[in-house]
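Bear in mind these aren't lab numbers, they're just calculated from the coordinates by the rules spelled out. Note that the structure is predicted; figures quoted are calculated from it, not measured. In this analysis, Cβ positions are derived from the backbone assuming ideal geometry, glycine residues included, and neighbour counts consider all displayed protein chains.
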Amino acid sequence: MDASSWPVVPSALWILFLTGVLFVFRADIREMVRALRVRIQRGAAIKLAGIEVGAVVALPSRLEKTDTVKSVREDDGTRRSERETYYARCRRAMLVHKLLPSSEPGELYDILIYVVPAFRGSLAGVSRVEYYFGGYGWKDRIFVASDRSRGFPVLTAAYGPFLCTAELVFNDGESVIEHRFIDFEMGNYVAAPIAG
């Protein structure tokens, strides 16, 4: 190697080093890019050099409480009737969910999905709940929960919101399908430390 080639050696070594790092951490880099893409799709804030795009946020401080809103109209009984019909159809057993920081690599949240009784309701008439989340990691399987004492819970993990359908099977053999969009809107509050 002659003296004129020596200045190229440090640059070549840096290129080899960076190529090696990218190769070794390619799965982690791919996962970071995927997570970034999901956050952007959900409206997260982005700041790159001098360019900043704010997050899509609905803040209570910018909204009026429902009893002070100026744009209100009286129900003619249709909405009340529809609401009562819904309660009766599902026998006041309502599908709910909670978000927890995920314990699985590559997932954003662990999601606890379960059933609670609405006012004047009870879970005594429910014998089991069959949950369906779709394809992807769940592979179109149906998850059966029969633990009434804890609200027929299931725990899953996900990196994005999804639709849950749950068939509530009652002791008399009848059943009803309920739907719940498993959103991540409360996710920022799950991960945020509690001020004290």
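Applying the Karplus relation 6.51 cos²θ - 1.76 cosθ + 1.60 with θ = phi - 60° to segment 146-162 yields 3J(HN,Hα) values of 10, 8, 4, 4, 10, x, 6, x, 9, 10, 9, 10, 7, 9, x, x, 7 Hz, where x marks Gly and Pro.
Note that segment 119-129 has calculated 3J(HN,Hα) couplings of 3, 6, x, 7, 9, 4, x, 8, 9, 6, 10 Hz, one per residue in order, obtained from phi through the Karplus relation 6.51 cos²θ - 1.76 cosθ + 1.60 (θ = phi - 60°); glycine and proline are x.
Counting neighbouring Cβ atoms within 10 Å and putting the fewest first, the residues Val126, Val24 line up as Val24, Val126. Sorted fewest first by neighbouring Cβ atoms within 10 angstrom, Asp147, Asp76 come out as Asp76, Asp147. Using θ = phi - 60° in the Karplus curve 6.51 cos²θ - 1.76 cosθ + 1.60, the 3J(HN,Hα) couplings for segment 8-16 round to 7, 4, x, 5, 5, 5, 4, 4, 4 Hz; x is entered for Gly and Pro. Summarising the amide proton neighbourhood of Met94: residues at separation of 5 or more, or on other chains, whose placed amide H is nearer than 5 Å comprise Val116, Ala118. Placing unit charges on each Cβ (+1 for Lys and Arg, -1 for Asp and Glu) gives segment 83-191 a dipole about its Cα centre, and among Ile177, Ala157, Gly106 the Cα reaching farthest toward its positive end belongs to Ile177. Shape annotation for segment 83-191: C-alpha extents along the principal axes are 41, 29, 24 Å, from largest to smallest. Fewest-first ordering of Lys98, Lys139 by other beta carbons within 10 Å of each residue's beta carbon gives Lys139, Lys98.
Estimate the FRET efficiency between Tyr132 and Val72 by the formula 1/(1 + (r/R0)^6), using the beta-carbon distance for r and 35 Å for R0, to the nearest 0.05.
0.40
Placing +1 on the Cβ of every Lys and Arg and -1 on the Cβ of every Asp and Glu, with nothing else charged, gives segment 83-191 a dipole about its Cα centre of roughly 360 debye. Backbone amide hydrogens, once placed in the peptide plane, bring Arg128 within less than 5 Å of Val169, excluding anything fewer than 5 places away on its chain.
When you count the other C-beta atoms within 10 angstrom of each residue and take the mean per peptide, 86-94, 27-35 line up highest first as 86-94, 27-35.
Would you please state which residues of segment 88-131 a label at Asp172 would reach in this model, taking the label point 7 Å out along Cα→Cβ and a backbone N cut-off of under 17 Å? Answer for segment 88-131: 88-93, 121-128.
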